[in-house]
1. Roughly how much of TYR69 is accessible, in Å² to the nearest 10, using a 1.4 Å probe?
2. Restricting attention to the alpha-carbon atoms of the range 43-135, what are Rg (one decimal) and Dmax (integer), both in Å?
3. Anything over 31 Å Cα to Cα? Flag those among LYS83/LYS128; LYS25/LYS124; LYS85/LYS128, in the order listed.
4. Packing-wise, with mean Cβ within 10 Å as the measure, how do 42-48, 94-100, 124-130 rank, highest first?
5. Give me the extension gain from ASP42 to ALA58: residue separation times 0.36 nm, minus the current Cα-Cα distance, reported in nm with one decimal.
6. Which percent of the accessible heavy-atom area of the range 24-101 goes to carbon and sulfur, probe 1.4 angstrom?
7. Between ASN72 and GLU34, what is 0.36 nm times their sequence separation minus the Cα-Cα distance? Round to one decimal in nm.
8. Sort 107-117, 77-87 by packing, meaning the average of other beta carbons within 10 Å per residue, with the highest value first.
Amino acid sequence: MKRFVLFLCSLFGLVVSSCKESSSKGIIKVVSSEEVQTLLMDDFMQFVDVRTSKEFHAGYIEGAKNIDYLSNTFDSEIQKLDKTKPIILYCRSGKRSAKSSKKLLKAGFTEIYDLEGGIMKWTKQGFKLNLSKRH
């Protein structure tokens, strides 16, 4: 019985230490449209649309900054963001934002949220887009 308790305590310690390790390296969490709505209530949150400029100006989620994942300047543009603040990313369907999330994690960002299904799912669920005044 003592060995079993000792085993459980060791296992618990291992789980706790691995949780600390993953949080110190950062997290990427895929979130729903509803969760993004809640997260955006926090003024501390950074919000980035990683689609092309053309896609962005056709319709974007209010408050988002456009940093094109496909551009040559993506890596330098993300360095201008605050690595200590949480960040939400989105694209058209979720593929570019998933790739962007990994790049941000490698760049030292610690709290990254990725909009599940991108802007396509966002609009399908009835959430609104802003249209750019630029043509």
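The values are calculated or read from the model by the stated rules, or taken from the named source; none is laboratory data. Owing to the predicted nature of the structure, the values given are computational and were not obtained by experimental measurement. Quick reminder, even Gly has a Cβ in these numbers, built from the backbone with ideal geometry, and neighbours come from all protein chains shown. SASA here: full protein model, heavy atoms, side chains in, ligands and nucleic acids out. Shrake-Rupley method; radii C 1.70, N 1.55, O 1.52, S 1.80 Å.
1. 50
2. 12.5, 36
3. Violating the 31 Å Cα-Cα cut-off are LYS25/LYS124.
4. Those peptides, ordered most packed to least, come out 94-100, 42-48, 124-130.
5. Net length gain for the segment: 3.2 nm.
6. Carbon plus sulfur share of accessible area: 52 percent.
7. 10.5 nm
8. 107-117, 77-87
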